[in-house]
Amino acid sequence: MIHFVLLISRQGKVRLTKWYSPYSQKERSKVIRELSGMILSRGPKLCNFVEWRGFKVVYKRYASLYFCMCINQEDNELEVLEIIHHYVEILDRYFGSVCELDLIFNFHKAYYILDEVLIAGELQESSKKTVARLVATQDSLVEAAKEEANSISNIIAQATK
Amino acid sequence: MNPFSSETRLRDMIRAIRACKTAAEERAVVRKECASIRAAVSDNDNDYRHRNLAKLMFIHMLGYPTHFGQMECLKLIAAPGFPEKRIGYLGLMLLLDERQEVLMLVTNSLKQDLNHTNQYIVGLALCALGNISSAEMARDLAPEVERLLQFRDPNVRKKAALCSIRIIKKVPDLAENFVNPVASLLKEKHHGVLLTAIQLCADLCTVSEEALEYFRKKCTEGLVKVLKDAVNSPYAPEYDISGIADPFLQIRLLRILRILGHGDADASDLMNDVLAQVATKTESNKNAGNAILYECVETIMSIEDSGGLRVLAINILGRFLSNRDNNIRYVALNMLMKAISVDGQAVQRHRATILECVKDSDASIRKRALELVYLLVNETNVKPLTKELIDYLEVSDQDFKGDLTARICSIVEKLSPQKIWYIDQMLKVLCEAGNYVKDEVWHGLIVVITNSTNLHGYTVRSLYRAIQTSGDQEAVVRVAVWCIGEYGDLLVNNIGMLDLEEPITVTENDAVDVIEAAIKRHTSDLTTRAMCLIALLKLSSRFPSCSQRIKDIVNQSKGSLLLELQQRSIEFDSILEKHQNLRSALVERMPVLDEATYSGRRAGSLPAVASTSQGNPLQIPNGVPKTMDAPLLDLLDLSADEPALQNSSGPNFLQDLLGGDILSSASQSGTTQPQKSGTDVLLDLLSTGSPPAQNGSSTADILSISQDNNKTSVDALNSLSSPMVTSVQSTPASSIMDLLDTFGPSPTVPKDNDPAYPPLVAFESSSLSLIFNFSKQPGSPQITQIEATFTNKSSDIYTDFIFQAAVPKFLQLHLEPASSNTLPGSGNGSITQKLRVTNNQHGKKSLVMRIRISYKLNNKDMLEEGQISNFPRDL
């Protein structure tokens, strides 16, 4: 099970956090501080796993961003690396060659996509296409609602003129 | 419109925050935004609620408090439209966690949304429930989720399956409701559904044994077939990852097969073929393939034995271990740890490679490898492996040394073939990383040193050399100081030379130099300095020529700000000054420390319970003046509170100091008591007499002695109110009696049994009985002497018989050594053991005692426990 997902920039700024196990706000910031200290200081050739408080944190760096997932001792580290890559590829497809700025300004989109990939700390979909399709459908639902709202308000505005 | 209304868009706020140059600027921007959001919240502003929440989420991510936004989430979730709900649920998952009360308010909205006609809204609700559900919510909403497992759209079914995992983790009782729906989900073709159903199935198996049995019977075959199809499936671009069809699915299938096959030969049989196929056919040049192989190896290791498969698995691990990719090596080490129990020999073959991994530049790999090496060590390879590890200790990272020394010490302790090798290796470790070892390590070393009588000379000379080169390692200094104090004469005279040694010339002054350097070293802590003082005292008698010099060094500590050092140096000074006649007896060599007791103590087998039935009252910290850490006052205080500790730490220091002179006084007065009983008397004195308050004043008393030399020494010592010193003085027997008549077993006081108390059957079982006989000394009603008699009614002999007792705080308990530790069978003899209980609340409370009796019956450990509360009332 994945206990939490963290996206940390090379400067140690948090770009996304998702907690599947209960951590209080205080613990969360402590965890982030501890882990960013540990992970950011590791050299490029080292393995992608760090042992931490009896858990393992699997991380992978993509450009300026570190994607980290915390798992149990007995979980498959290599698979989690694949899950990270899976998520990154979906982000990439969605944003069209994703960069850190996309994730800053559209952080909520990154969360929506993550929610289609993971629930309760488990993988829910192995097809990138399906995830992309589901997110796109939901986006279009939002767009449709917006348009509708606009058109109604236009009608009202015109009616009250 | 409200002047604070949030007109800035989310994008603008993020931009503004990013434009900030300093943290203070950022705080100002955030404060302003928060103020406007709060205003909007209190206005109940509907138009910008979703935008405000999005902003709050961003602010939350930056680490600012956002609790005032929690209710906004609930309002958005309760809104009818999809866009509001979407952002509302996101905010809910982000800003809240399952422990917040607010969450309870959302249960009803969730329930409605789970029944919504729009499948995407159902999806949102399932996602939120799966991520943050509490136990209460899980219980309330489980029926909805269960129903959704059969929803028409597979994307809802898969979400419901993962949501169910959360539910059964929170409320395991609900597991049985999910078993049947999962069984049908496992037959589906949709990968997402299959993936999540397998995961749910695995979780069901861990919480419920019945579910495991059910799935094992019904689903094993089907799952094996699914895996076979997945392995042999043609190229499917949707699921393909570097040439492998849906590795996620394959990994999950392998995992569930592992659970189903574990401990069941039939199920394991079913999966043999497909596992072999996965193990041989999977490409290992990409991470995805390796992830599958890794999972496959783990499955092969856990299911019931199939020799051929195991060989395959070990070979894969061998390949992994020699891989250049650090990730692969890491998982290989990880897996070899598990494999070691299955096939130790096969793992041993990779020893050299594993040892190389200990020296890797990657901390994660080093740590794994070290743990693995620790498991690999056995009698045959201990020497070369230890050598490798110790060699590596020199060059290892600072922060790795702690782990490494702990492991090496534990290996050396566990498996050392000879004492000399043990001592040599430990010295090497201490020299390299003496600042990293734990106290137990050097305590243990000293115990071993005292036990190897023929190596005393060798050890002290090695330590002398070691301290010259590694004087900056605290542990080396301590052990060296201790040994030079004890065996200084062997050092100077080159006694007990071994063939392999090179002779060294050390003068008495050189030896004192070492100690002086240690006590003056500014990094030495209290323990080290205290040890130095003791060593100096001992050397003063071993090296008469240095006596004056030693006195000067001791005197320098008289002004120490550390009470302990000050007190000791003043005491030692007066010993050196005034008591030449008894000094040599006082500083005799330590008796051999008992290894068994020490290791037993380390294993924590005697937690706060006095036990002396081994017949050896000399407990370990004896010679290791660790007890000096705390001021004597503390120690006695402690022992007053916890009688159980009496003979473990507190008085031992004094025992250590004075054990010898009690002996001398005893022999002077014509009785030939063995040393053991001498120390016992001392123990008695200490445990009954000298309440803490008196001791507190003893420092002052001593001070007054040294100031007022005109007083006769007997007077001065009497004013010490410490009976032990009086006995040292060997004053006429009558005065001893005056002082000691309150304290039990002094030889001049007859042990009259007071017949007023009937014997008590303290413990009675079918095989063992324990009878207490009570007696009191006239004049000290709070002290009760108890003679415990153990009788064995069975026909077998009990060996390693240990009686332990503990009492509440208002009592003080002292246990004397038992008459034997073997209890013959059929009532043919008994063990007797004396206990003395001091009741500080005599007349108010009566005695209570908890007892524990352990023994070996045919080499099997037996344990009896009980509480005795039926003591006669007025004890």
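The values are calculated or read from the model by the stated rules, or taken from the named source; none is laboratory data. These numbers were taken from a predicted model, which means no experiment stands behind them. Cβ placement follows ideal geometry from the backbone for every residue including glycine, while neighbour counts extend to all protein chains displayed. When the accessible area is computed, the model is the full protein with side chains, heavy atoms only, and any ligands, DNA or RNA have been set aside. Shrake-Rupley method; radii C 1.70, N 1.55, O 1.52, S 1.80 Å.
The label-point distance for A:Arg33 and B:Thr206, in a model that sets each label 7 Å from Cα toward Cβ, rounds to 3.1 nm. A DSSP coil position with no more than 15 other Cβ atoms inside 10 Å describes the following GluC sites (Glu not before Pro) in the stretch A:18-116: A:Glu74. Once the Cβ-Cβ distance of A:Ala159 and B:Asp43 is raised to the sixth power relative to R0 = 25 Å, the FRET efficiency obtained is 0.45.
Derived value for the stretch B:284-415: Kirkwood hydrodynamic radius 15.3 Å. Basis is the mean of 1/r over every pair of different alpha-carbon atoms. Mean projection of the Cα convex hull over all viewing directions, computed for the stretch B:1-135: 8.4 nm². Taking all C-alpha pairs of the stretch A:39-105, those more than 17 Å from each other amount to 45 percent. How many square angstrom of accessible surface are buried between A and B, both sides summed, with a 1.4 Å probe and rounding to 100? Using a 1.4 Å probe, the pair buries roughly 5900 Å². Per residue, the solvent-accessible area of the stretch B:545-592 (1.4 Å probe, heavy atoms of protein chains only, all protein chains present) comes to 47 Å². Relative contact order for the stretch B:404-487: 31 percent, from Cα pairs under 8 Å spaced at least 6 residues apart, divided by residue count.
Less than 13 Å Cβ to Cβ from B:Asp240, Lys/Arg counted +1 and Asp/Glu -1: what total charge do the surrounding residues give? Net charge in that neighbourhood comes out at -2. FRET efficiency for the B:Ala24 to A:Ser64 pair, using the beta carbon distance and R₀ = 25 Å, is estimated at 0.50. Pairs of Cα atoms nearer than 8 Å and 6+ residues apart set the relative contact order; for the stretch A:30-161 it is 13 percent. Over the residues of chain A, the helix contribution to mean residue ellipticity at 222 nm works out to -17500 deg cm²/dmol, using -39500 (n - 2.57) for each DSSP H run of at least 4. Net charge of the neighbourhood of B:Leu370, taken over other residues with C-beta under 11 Å away and scored Lys/Arg +1, Asp/Glu -1, is +2. Dipole size of the stretch B:381-474 about its Cα centre, with +1 on Lys/Arg Cβ and -1 on Asp/Glu Cβ: approximately 480 debye, rounded to the nearest 20. You can think of it this way: the chain between B:Asp153 and B:Asn451 has 99.6 nm of extra reach, that is 0.36 nm per residue less the Cα-Cα gap.
Nonpolar atom fraction for the stretch A:83-161, defined as the carbon and sulfur part of the 1.4 Å probe accessible area, stands at 56 percent. Loop only per DSSP, at most 10 neighbouring Cβ atoms within 10 Å: give me the trypsin sites (Lys or Arg not before Pro) in the stretch B:101-183, ordered by residue number. Those satisfying the criteria are B:Arg152.
Quote the relative contact order of the stretch B:430-583 in percent (integer), defining contacts as alpha-carbon pairs under 8 Å separated by 6+ residues. After rounding, I find 18 percent.
Shown here for the stretch A:3-70: trypsin sites (Lys or Arg not before Pro) in loop regions (DSSP other than H, G, I, E, B) with at most 10 other Cβ atoms within 10 Å, namely A:Lys45, A:Arg53.
If you take the Cα centroid of the stretch B:425-464 and the Cα centroid of the stretch B:248-272, the two points sit 51 Å apart.
The accessible surface of the stretch B:170-318, taken with every protein chain in place and a 1.4 Å probe, is 50 percent carbon and sulfur. Let's test the formula: R0 of 56 Å, r as the Cβ-Cβ distance of B:Asp510 and B:Lys809. What FRET efficiency results, to the nearest 0.05? According to the calculation, E is roughly 0.65.
Positive contributions from Lys and Arg (+1) and negative ones from Asp and Glu (-1), summed over other residues with Cβ under 14 Å from the Cβ of B:Ser396, come out at -4. Taken as Cα centroids, the stretch B:81-103 and the stretch A:14-77 sit 24 Å apart, rounded to the nearest whole angstrom. With all protein chains kept in place, the per residue accessible area of the stretch A:63-161 amounts to 40 square angstrom at a probe of 1.4 angstrom. Of interest is the spacing of the C-alpha centroids, which for the stretch B:534-595 and the stretch B:182-211 amounts to 75 Å. Mean per-residue shielding of peptide B:364-373 is 2, counting Cβ atoms of other chains within 10 Å of each Cβ. Extension gain for B:Glu501-B:Asn870 works out to 126.4 nm (0.36 nm per residue, less the C-alpha to C-alpha distance). Partner shielding of B:158-167 amounts to 4, given as the average count of beta-carbon atoms from other chains within 10 Å of each residue beta-carbon. In the stretch B:1-79, the portion of solvent-accessible area held by carbon and sulfur atoms comes to 53 percent [1.4 Å probe, whole percent, DNA, RNA and ligands not counted]. Look at the stretch B:82-90: the mean tally of other chain Cβ atoms within 10 Å of its residues' Cβ atoms is 4.
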